[in-house]
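Notes follow the structure.
The values are calculated or read from the model by the stated rules, or taken from the named source; none is laboratory data. In this text the structure is predicted, and so the values were computed from the model without any measurement. All Cβ positions, glycine included, derive from the backbone under ideal geometry; neighbour counts span all protein chains shown.
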Amino acid sequence: MEETKTKVALIGIIVEDTEAAEQVNELLHTFQEYIVGRMGVPYREKGISIISVVLDAPEAKISALSGKLGMVKGIRVKSMMAKISG
């Protein structure tokens, strides 16, 4: 059986609407097997939260998570992938 190549990626999430946080957490839980680490920073003075998620996953999974997050109302998402493959 051939191993699936993975990529290392960073997804940055800005939660502008706290109502969206639960949906974001559900999506991250769904993709938890690919998550290397995550860090959340509440920026109370601005009323937002910033979440960074590091993944090691097949490119299709990274794109799927990023796309699903991008459809959540009240958040902004950007992702980038390292040039190296696993």
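The set of residues in the stretch 4-55 being charged (D, E, K, R), assigned to a helix (DSSP H, G or I) and under 17 Å from Val77 (Cβ atoms) consists of Glu19, Glu22, Glu26.
Yes or no, residue by residue, for (1) in contact (Cβ under 8 Å) with a residue 24 or more places away in the chain; (2) of a type in the set (Asp, Glu):
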| residue | (1), (2) |
| --- | --- |
| Ile14 | yes, no |
| Glu22 | no, yes |
| Glu26 | no, yes |
| Gln32 | no, no |
| Asp56 | yes, yes |
| Ser63 | no, no |
| Lys73 | yes, no |
| Lys83 | no, no |
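Within the stretch 73-80, can one find any residue that is part of a helix (DSSP H, G or I) and surrounded by fewer than 15 Cβ atoms within 10 Å (Cβ to Cβ)? Within the stretch 73-80 (the criterion being part of a helix (DSSP H, G or I) and surrounded by fewer than 15 Cβ atoms within 10 Å (Cβ to Cβ)), the answer is no, since none of the residues qualifies.
Matching residues to (1) modelled with pLDDT under 95; (2) of a type in the set (A, V, I, L, M):
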residue: Ala9; (1), (2): no, yes
residue: Val53; (1), (2): no, yes
residue: Ser63; (1), (2): no, no
residue: Ile84; (1), (2): yes, yes
